[in-house]
1. Taking 0.36 nm per residue of sequence separation and subtracting the Cα-Cα distance, how much length would be gained by fully extending the chain between N146 and E279, in nm to one decimal?
2. Report, in cubic angstrom per residue, the convex hull volume of the C-alpha atoms of the stretch 3-277.
3. What size of dipole, in debye to the nearest 20, comes out for the stretch 36-144 about its Cα centre when the only charges are +1 on Lys and Arg C-beta atoms and -1 on Asp and Glu C-beta atoms?
4. Starting at the first residue of the stretch 123-134, write each ³J(HN,Hα) from the Karplus equation 6.51 cos²θ - 1.76 cosθ + 1.60 with θ = phi - 60°, in whole Hz, x for Gly and Pro.
5. Across the stretch 68-84, in residue order, what do the Karplus-derived ³J(HN,Hα) couplings come to in whole Hz, using 6.51 cos²θ - 1.76 cosθ + 1.60 with θ = phi - 60° and x for Gly and Pro?
6. Given the pairs K79/K261; K79/K222; K49/K238; K79/K226, which are separated by over 28 angstrom at their Cα positions?
7. Going by how many other beta carbons lie within 10 Å of each one, how would you line up M70, M85, fewest first?
8. What residues qualify as long-range amide H neighbours of R50, i.e. H under 5 Å apart, gap of 5 or more or another chain, H built at 1.01 Å from N?
Amino acid sequence: MNKRLSIVFLTLFAACAIGTAAAQSPAGRDPAKLHLASINAVVVDANAKRSVYAKGADDVTPIASLTKLMTAMVTLDAKLPDDEMIAIGIDDLDFLKGSKSRLRMGAELPRHEMLRLALMSSENRAASSLARTYPGGTPAFVAAMNAKAAELGMTHTRYADSTGLSAQNVSTANDLAILVAAAAEYPQIRDFSTTGSHYVEVQPTGQILGFNNTNNLVKNDKWDIKLSKTGYIREAGKCLVMLATIASKPFVIVLLDSAGKYTRLGDAQRVRHWIETGESLPMTADLKPATKSRAAAKPAADKHPTRRTSSRA
C-alpha cells in the first residue's frame, strides 16, 4: 500500500473508530450483551472500518507497553540497518519502575532482534536501545513518535518514552484502534508481535536466551491473531490490543485497564464469543486459559527464566 492510499485508509479508519456514539454491532449482535471487565474498550470491524462495541473509548489513560507498537513503527520508518549490532547501555536501565531484564549491560543483539523482543516479550531495555540509537537519540525518537501519532490522527495520544514505563504515555481506546490498524501495515510488526517463542544468541558472550510472548493467546489454536501487544504498569492496569480474525472477519480489539492477572484475556475471550454467538460469556473470576500449543513449543528454560515483572506487560 503506497503512502497516499495508506493515509486515506487511516483517515477513514480514524473517522469510523472515533464515531463511538454511532457504533453498530455485527448483524444480530446486541452490544448490551457484551460485558467486559476492562475499564476502557473498543472493538472495530476492520473490513467495515466501524466500531461495533465501545466502552469509555475516548477516555485518556496511560497505555504502558502498548507504546511499543509506535516504537516499532518509528524504528522501521527510519530504515536503519536491521543487522546493525546494538549494545545495552546505562541509559537503557529502568530507574523509573525498577523492572528487570536478562539483557545485561553490554549485551549486544542486531537491531531486528531488539525490535522482536520489544514487541513479543515487551523487553524494556530492547525498546530503550532502539530509541537511543535513533538518529538524534532518544529525544528525537520521542519527537518522531508524537509526530507519527499526529499524522495518524491520534489526537488524544502523547508519548514521553519508547518503553511505556512512563505514565505520561497516554492515549484512548479509539486512538489505539487507529494505532493497531497502522501497525498492521508493517509485516515485521505482525510477525514479531505474534511470535510465540524465540531464542537469541547474545553477544559478546554467545549466551542463548529463550523468550516467550506476553500474550498466551498467540499460542492458542482457537485464535487467529495477526497482531498483538500487551502492556502493564500500575497506573495503566493490564492492557491488550489485537488484530484477530473472528468468524472469518478481521477485528481490532482494544482492552485497557483490566484488574487481575488474566482478566484482559478473559475479556478477549468474551469479545470473540459475542462476535461468534451474540452472547457473552459470564464475567466470573478469570482463570488462566487453556492453551493448545502450536508447532513452536515454549522455549526450554535457561539458567535465568524469563521474568514477568510488574512493569513489563
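1. Working: separation 133, 0.36 × 133 = 47.88 nm, distance 3.89 nm.
Result for the pair: 44.0 nm of gain on full extension.
2. Measuring per residue, one finds 115 Å³ for the Cα hull of the stretch 3-277.
3. 260
4. Per-residue couplings from phi come out as 6, 5, 5, 5, 5, 5, 5, 5, 6, 5, 9, 6 Hz.
5. 5, 5, 5, 4, 5, 5, 5, 4, 5, 4, 6, 6, 7, x, 4, 9, 5
6. Details: K79/K261 37 Å; K79/K222 35 Å; K49/K238 26 Å; K79/K226 23 Å.
In this structure, K79/K261; K79/K222 lie more than 28 Å apart at Cα.
7. Details: M70 28, M85 14.
With the fewest neighbours first, M70, M85 line up as M85, M70.
8. The list, which skips near neighbours in sequence, is D45.
Bear in mind that the values in this text are calculations on the coordinates, not laboratory data. Here the structure is a predicted model, which means the values were calculated and not measured. Because the Cβ atoms are built from the backbone with ideal geometry, glycine has one as well, and the counts that use them run over all protein chains shown.
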